[in-house]
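The values are calculated or read from the model by the stated rules, or taken from the named source; none is laboratory data. No experiment lies behind these values; they were computed from the predicted model shown. So basically every Cβ, Gly included, is an ideal-geometry build from the backbone, and we count neighbours across all protein chains shown.
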Amino acid sequence: MDRRQFLGTTAAGFAAAAVLPPPQADSAIRDLCLHALDAAKAAGAGYADVRIGRNRSQSVATRERRVTGANESETYGCGVRVLVDGAWGFAASRELTRDAVAHIARSAVAQARANRRATRRPVVLAPVDPVADGRWQSPIEVDPFKVPIEDKIDLLLRANEAALAVPGARFVNSSMAFFLQEKTYASTDDVFTVQHIYRCLPQMSVTAVDPRAGDFQSRNSAEIAPMGLGYEWVTRADLIGNAPRWAEEAVQKLSAKSVEAGSYDLVLDPHHLFLTIHESIAHPTELDRVLGYEANYAGTSFAAPPEAVLGKLKYGPEFMQVQGDRAQPGSLSACGWDDDGVAPETYRLIRNGILVDYQTTRDQVEWIRPYTGRTRSHGCSYAESWADVQFQRMPNISLLPGERDLDVDDLIAATDRGIYIIGRGSYSIDQQRYNFQFGGQVFYEISGGKIVGMLKDVAYQARTTDFWNSLDLLGGPRSYTLNGSFNDGKGQPSQSNAVSHGCPPARFHSVNVINTGRYRG
């Protein structure tokens, strides 16, 4: 439907969705949390935590001059997790009364007692610091849920027009997505926290068509990362101003030279490299995956077993440093406390090119304490909503910049024969995160330290440790950029989280490049 029709039919629906439950910091919410903990202890729990949460999401999508979809949803409820004799139990309800939270607390205890029969190794929780009344909110400037829906639609449609004004641009899709997670957390370890976590993703994709050759090429807004920010990020993204460039590059891809397969030095832009980091470093260092607990759904990891690889596995060159954190301002994984009530810390997963640690939660620390000497969690516990049990999810995993103040132009100037890759494209990686193939959005041929033209049909293949050990140049601090994934799935039943990956541009020596184009004989 067009803009006028859409606004006429949806205004009432969005107004109804704006009816909000009590604030998370309301004294009645705190009372429900404490009542649930008391009920769990009275039923026999040795430990208990409770999360009362509200998830709110909104999305708007357009295509050319039409609104193609809009959604606003909200869930609100309570989840209680308990330990009984080293076994977990969990129960949840959308009813927020004293009787209801006491009932789910007792149900969680009953489930934990049943789970004891299948427990091979009793859960041991790492210590946590008490928090009497913790508060944290994403550093937003403009609440996206307070911006009128008609303003969002108007911006998207104007951006579409700007893209369609470029000759050869045929189709354009644009959208915005916003997420708010409000949660109050309390535990029998004397932790009480209230958090408001925002996420924002504006995006666009332009497709150019050559009807004579029967070819089409697309360019998406790879440089516009999802962020843990408010509507100000949509404004800064400048979809309207950037749309003509994306459209022009989509048109240029139609006549770009098809790559000749072979060995090239690759200069990878941060808006491309983040996904390679996500798949080949972040996932392999999830401790539950390393120890086989995710094998059925998400696979395992080549970076195992811990006793054989920690402090020994040469992931990359000596200047390669990889950091885990949930603290970078505006990052998707940023928070004040994880869903174990732990204040996350910044730590190294890879130090001087060597794997030295994994991502952990409170109940995982003991699994690798003999090899790391650590006694505390890194704060990697997360559940996508109050209705889901928390488990290990990755924090921000970032490749730190080099000491020399280089940018992408410096890396290109230092490359004799190579390819510069921007943006994420199709990719695949095996179940152990070892053998992979990555594409991108746009590709430029480098010859003699200069970009000499656009390429297409490019993908590179490698094994994880071979690839990272071919890293020979890193951008410096001023070239460090955040990008990330708005939805990253894991677990059974599946849950989704959001995570950022920071990095500078980087160069990799002699990587195998294949041609992905179809035969046109």
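Can we say G502 is out of contact with any helix residue (DSSP H, G or I) (no Cβ under 7 Å at 6 or more places or on another chain) and in a strand (DSSP E or B)?
Working: out of contact with any helix residue (DSSP H, G or I) (no Cβ under 7 Å at 6 or more places or on another chain): yes; in a strand (DSSP E or B): yes.
It is true that G502 is out of contact with any helix residue (DSSP H, G or I) (no Cβ under 7 Å at 6 or more places or on another chain) and in a strand (DSSP E or B).
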Across (1) surrounded by 15 or more Cβ atoms within 10 Å (Cβ to Cβ); (2) under 19 Å from F486 (Cα atoms), E249 clears everything bar (2)
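Does R199 satisfy being free of Cβ contacts under 8 Å to residues at least 12 places away in the same chain and outside any loop (DSSP other than H, G, I, E, B)? Steps first, answer last, please.
Values: free of Cβ contacts under 8 Å to residues at least 12 places away in the same chain: no; outside any loop (DSSP other than H, G, I, E, B): yes.
Taking the combined requirement at face value, the residue does not satisfy it.
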Of (1) in a loop (DSSP other than H, G, I, E, B); (2) without any contact (Cβ under 8 Å) to a residue 40 or more places away in the chain, D151 satisfies every one except (1)
Exactly one of L313, L275 is over 30 Å from C200 (Cα atoms), touching a residue at least 24 places away in the same chain (Cβ under 8 Å) and among the hydrophobic types (A, V, I, L, M, F, W, C), and that residue is L313
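Kindly establish whether N497 is of a type in the set (S, T, N, Q) and without any contact (Cβ under 8 Å) to a residue 12 or more places away in the chain. Outline the logic, then answer.
On the way: of a type in the set (S, T, N, Q): yes; without any contact (Cβ under 8 Å) to a residue 12 or more places away in the chain: no.
No: the conditions fail for N497.
Quick check on segment 216-226. Is at least one of its residues under 30 Å from G77 (Cβ atoms) and in contact with a Phe, Trp or Tyr (Cβ under 8 Å, 6 or more places away or on another chain)?
Yes, there is a match, as at least one residue in segment 216-226 is under 30 Å from G77 (Cβ atoms) and in contact with a Phe, Trp or Tyr (Cβ under 8 Å, 6 or more places away or on another chain).
Name the residue, out of A61, A42, that is surrounded by fewer than 21 Cβ atoms within 10 Å (Cβ to Cβ) and without any contact (Cβ under 8 Å) to a residue 24 or more places away in the chain.
Working: A61 fails: without any contact (Cβ under 8 Å) to a residue 24 or more places away in the chain.
Result of the check over A61, A42: A42.
Just checking, which of A225, A169, A186, A159 is modelled with pLDDT of 95 or more, within 25 Å of R81 (Cβ to Cβ) and outside the structural domain of A498 (by TED's automatic domain parsing)? Show your work before the answer.
Numbers: A225 fails: within 25 Å of R81 (Cβ to Cβ); A169 fails: within 25 Å of R81 (Cβ to Cβ); A159 fails: within 25 Å of R81 (Cβ to Cβ).
Being modelled with pLDDT of 95 or more, within 25 Å of R81 (Cβ to Cβ) and outside the structural domain of A498 (by TED's automatic domain parsing) holds for just one of A225, A169, A186, A159, which is A186.
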- request: Inspect segment 407-424 for any residue being at pLDDT below 95 and either outside any loop (DSSP other than H, G, I, E, B) or more than 30 Å from E232 (Cβ to Cβ) (or both) and give the result as yes or no.
  value: yes
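What do you reckon, is S385 crowded, with 23+ Cβ neighbours inside 10 Å, at negative phi and of a type in the set (G, A, S)? Don't jump to the end; show me each part of the working.
Working: crowded, with 23+ Cβ neighbours inside 10 Å: no; at negative phi: yes; of a type in the set (G, A, S): yes.
So S385 does not fit the description; no.
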Notebook entry, point to check: Does segment 484-491 include one or more residues that are within 18 Å of G440 (Cβ to Cβ), within 23 Å of the chain's Cα centre (by Cα) and of a type in the set (A, V, I, L, M, F, W, C)?
Noted result: no
Of those in segment 290-313 that are modelled with pLDDT of 95 or more and charged (D, E, K, R), the residue farthest from I350 (Cα to Cα) is E307
If we ask which residues in segment 397-419 are hydroxyl-bearing (S, T, Y) and under 28 Å from the mean Cα position of the chain (by Cα), their number turns out to be 1
Of the conditions (1) surrounded by 16 or more Cβ atoms within 10 Å (Cβ to Cβ); (2) out of contact with any Lys or Arg (no Cβ under 7 Å at 6 or more places or on another chain); (3) assigned to a strand (DSSP E or B), the single one that W468 does not satisfy is (3)
Within segment 339-378, residues in contact with a Pro (Cβ under 6 Å, 6 or more places away or on another chain) and either outside any loop (DSSP other than H, G, I, E, B) or in the same structural domain as E182 (by TED's automatic domain parsing) (or both) come out as I368, Y371
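Give V123, V147, V131 a once-over and let me know the one that is at pLDDT 95 or above and farther than 30 Å from D26 by Cα.
Details: V147 fails: farther than 30 Å from D26 by Cα; V131 fails: farther than 30 Å from D26 by Cα.
Every option except V123 fails the conditions.
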Scanning segment 210-230 for residues that are buried (at least 18 other Cβ atoms within 10 Å of the Cβ), in contact with a Leu (Cβ under 8 Å, 6 or more places away or on another chain) and assigned to a strand (DSSP E or B) gives Q217, M227
Among (1) of a type outside the set (K, R); (2) buried (at least 20 other Cβ atoms within 10 Å of the Cβ); (3) over 29 Å from R404 (Cα atoms), P505 falls short only on (3)
Here the qualifying pairs (Cβ atoms under 6 Å; residues six or more apart or on different chains; first in segment 455-474 and more than 10 Å from V511 (Cβ to Cβ); second of a type in the set (S, T, Y) and buried (at least 17 other Cβ atoms within 10 Å of the Cβ)) come out as R463/Y434; T464/S280; T464/Y434; W468/Y315
Query raised in the report: Hey, any hits in segment 358-375 for a residue that's closer than 21 Å to Y198 by Cβ and in contact with a Ser or Thr (Cβ under 9 Å, 6 or more places away or on another chain)?
Result: no
Checked segment 118-145 for anything outside any strand (DSSP E or B) and under 24 Å from the mean Cα position of the chain (by Cα); matches are S138, P139, I140, E141, V142, D143, P144, F145
